[in-house]
Amino acid sequence: MAAAGSAVGLGNIWGFPTQAASNGGAAFVVVYLILAFLLAYPVLMAEFTLGRHAHGNMIAALAKVSRNGTQRGLGTLVGIVGIFTASLILSFYAIVSGWMIGFGAAYPLEAAGASATATWLSEFGLLRNLTLMLIFMILTMAVVVGGVEKGIERWSKRLMPALIVTLMALSIYVLTLEGAGKGLAVYLVPDITKIWSTELIFKAMGAAFFSLSLGVGTMLIYGSYVSDDEHLPSLGAQVALVDVGIAVLAGFLILPAMYVAAERGVVIFNEAGGLLSEDTLIFVVLPALFDSMNQAGTALAVAFFGLMSIAALTSSISMLEVPVAFLVERFQWSRFKAAVIATLIVTAMSSVIVLNFDLLFGLVITVSTRYSQPILGLALCLYAGWVWRRDILLKELAKNELETEPTLFMRWWPWYVRFVCPTIILAIVARTIF
Ligand code: PFF
């Protein structure tokens, strides 16, 4: 549940549907689904197995499977880049999550007559961005300080079911409104000509890696907390299915909602005839839709932004856990000290982004999620596929297999992460750069 909570986040409910909307609708959905299962799931398994084998963070895990000093050194480098990337992702994630909290609080405040505060919470502004980000970072820290069982697991178990129920209820409601059908068509009927677009494939790969929290060591650390009795391939499959399922479900909410909004006079297209940019969709179009609905709108808005805040929190705790686990394991710091220091560093990074928003926000997202995550994923495949001794890897995979015959997964996967995953990632990155 915690790993699914990490995977399910703003990436599913905000990122995936809005990127699909801006990048050819169903064409993006098709490419995303293919990449999620054929590329992201095997990489997720690399993280889970490496993590469980080492029962430690990424640096420790890569060192454990290394056979010489060079491999260990490179593994340390990969691990450090992973920790840095996780912190970088959290630093922009906390800003967006803060907005979610802001919008969620603005609606009831507005209804209660506190218009000025409500406006301040929902309008873009330096102080508002900083304050909300700080609130979100403190919440994240509080859960991580609680530890794995009492913090992360307990909250994931409570929050995830609430999220799924709210999302379903919202989608069903929006689908009954006028205009929803058009959005549904954009979402479900692919424009085949767009499927080979380099940009679309590159963005879909980033979205799949981001959505499954890959490359930065989050899933590796969660893998390190998994007991040897668990069957890793099915655990990974469950996480991937829940993640992709929620992204697809969110599409049934967001795209129809946009066209419902259009039906009510909200502008959803730019001058060039394309859909409005990704962030505007959620923070402009949806509030406009909620506003056009009076009373029901307020309730829906609170449910929606509450849902987004929950999804964000179960993901952000997994990001903060990356530096925290490293500091605890490497320097034997207390969890409290590690969480406070990691939070301070990420908050400082996040503040720099807030202060240079136009320059840094988009750049940080692109660098961390579209380049860094897939390339780190590539490195993890190389360690799982080439560096790790095959017999030891197979033993790790077979830990809870009762039958003596190797399963289909055990026969295919080592070969697959060794050749196929690195080739796909390299091909997509190279095609984009050149
Ligand atoms: N998977 C999260 C989402 O879809 O919102 C984002 C994420 C979480 C990325 C954790 C990276 C990470 F380490």
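The values are calculated or read from the model by the stated rules, or taken from the named source; none is laboratory data. Note that this is a predicted model, so its numbers are computed, not measured. Cβ sites come from the backbone with ideal geometry, for glycine too, and all protein chains shown count toward neighbours. Just so you know, the surface numbers come from the protein's heavy atoms only, side chains and all, with ligands and any DNA or RNA stripped out. Shrake-Rupley method; radii C 1.70, N 1.55, O 1.52, S 1.80 Å.
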- Message: Restricting to the range 1-59, and then to whatever is of a type in the set (Ser, Thr, Tyr) and within 16 Å of the ligand (Cβ to nearest atom), can you tell me which residue is most open to solvent (accessible area, probe 1.4 Å)?
- Response: Tyr41
- Task: Among residues belonging to the range 322-345 that are surrounded by fewer than 20 Cβ atoms within 10 Å (Cβ to Cβ) and touching a residue at least 24 places away in the same chain (Cβ under 8 Å), point out the one that is nearest to Ala2 (Cα to Cα).
- Result: Arg335
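Count, please, the residues in the range 218-235 that happen to be within 16 Å of the ligand (Cβ to nearest atom) and at pLDDT below 95.
Qualifying residue count, the range 218-235: 5.
Could you check the range 346-434 for helices (runs of 4 or more DSSP H) lying wholly inside it with 3 or more residues that are surrounded by fewer than 13 Cβ atoms within 10 Å (Cβ to Cβ)?
Counting at least 3 such residues, we get 390-398, 408-415, 421-433.
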- Could you tell me whether Lys203 is within 16 Å of the ligand (Cβ to nearest atom) and over 30 Å from Val144 (Cβ atoms)? yes
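Residue-by-condition table, conditions (1) within 16 Å of the ligand (Cβ to nearest atom); (2) touching a residue at least 40 places away in the same chain (Cβ under 8 Å); (3) touching a helix residue (DSSP H, G or I) at 6+ places or on another chain (Cβ under 8 Å):
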| residue | (1), (2), (3) |
| --- | --- |
| Val239 | yes, yes, yes |
| Phe252 | no, yes, yes |
| Pro256 | no, yes, yes |
| Tyr259 | no, yes, yes |
| Ile268 | no, no, yes |
| Asp291 | no, no, yes |
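Within the range 165-187, count every residue that is of a type in the set (Val, Ile, Thr) and buried (at least 16 other Cβ atoms within 10 Å of the Cβ).
Taking the range 165-187 and keeping what is of a type in the set (Val, Ile, Thr), we get 165-166, 172, 174, 176, 186.
Retained after the next criterion (residues that are buried (at least 16 other Cβ atoms within 10 Å of the Cβ)): 166, 174, 186.
Counting residues in the range 165-187 that are of a type in the set (Val, Ile, Thr) and buried (at least 16 other Cβ atoms within 10 Å of the Cβ) gives 3.
Let's see how each residue does on (1) within 16 Å of the ligand (Cβ to nearest atom); (2) free of Cβ contacts under 8 Å to residues at least 24 places away in the same chain; (3) hydrophobic (A, V, I, L, M, F, W, C); (4) surrounded by fewer than 16 Cβ atoms within 10 Å (Cβ to Cβ):
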| position | (1), (2), (3), (4) |
| --- | --- |
| Ser66 | no, no, no, no |
| Phe84 | yes, yes, yes, no |
| Ser91 | yes, no, no, no |
| Tyr107 | no, no, no, no |
| Gly113 | no, yes, no, yes |
| Arg128 | no, no, no, no |
| Leu132 | no, no, yes, no |
| Gly146 | no, yes, no, no |
- Message: Among (1) at pLDDT 95 or above; (2) farther than 27 Å from Ile152 by Cα, there is one condition Leu214 misses while meeting the rest; what is its number?
- Response: (2)
- Filtering the range 188-236 for residues that are β-branched (Val, Ile, Thr), assigned to a helix (DSSP H, G or I) and surrounded by fewer than 19 Cβ atoms within 10 Å (Cβ to Cβ) leaves a count of 3
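Being among the aliphatic types (A, V, I, L, M) and more than 22 Å from Leu380 (Cβ to Cβ) is the filter here; which residues of the range 187-230 pass it? Outline the logic, then answer.
If we filter the range 187-230 for residues that are among the aliphatic types (A, V, I, L, M), which is where we start, we get 188-189, 192, 195, 200-201, 204-205, 207-208, 212, 214, 216, 219-221, 226.
Residues satisfying the conditions are Leu188, Val189, Ile192, Ile195, Leu200.
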- Note on the structure: Reported set for the range 22-52 where residues are farther than 19 Å from Trp412 by Cα and over 18 Å from the mean Cα position of the chain (by Cα) is Ser22, Asn23, Gly24, Gly25, Ala26, Ala27, Val30, Gly51, Arg52
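Limited to the range 267-314, what total is found for residues that are part of a loop (DSSP other than H, G, I, E, B) and under 19 Å from Thr119 (Cα atoms)?
Total satisfying the criteria: 2.
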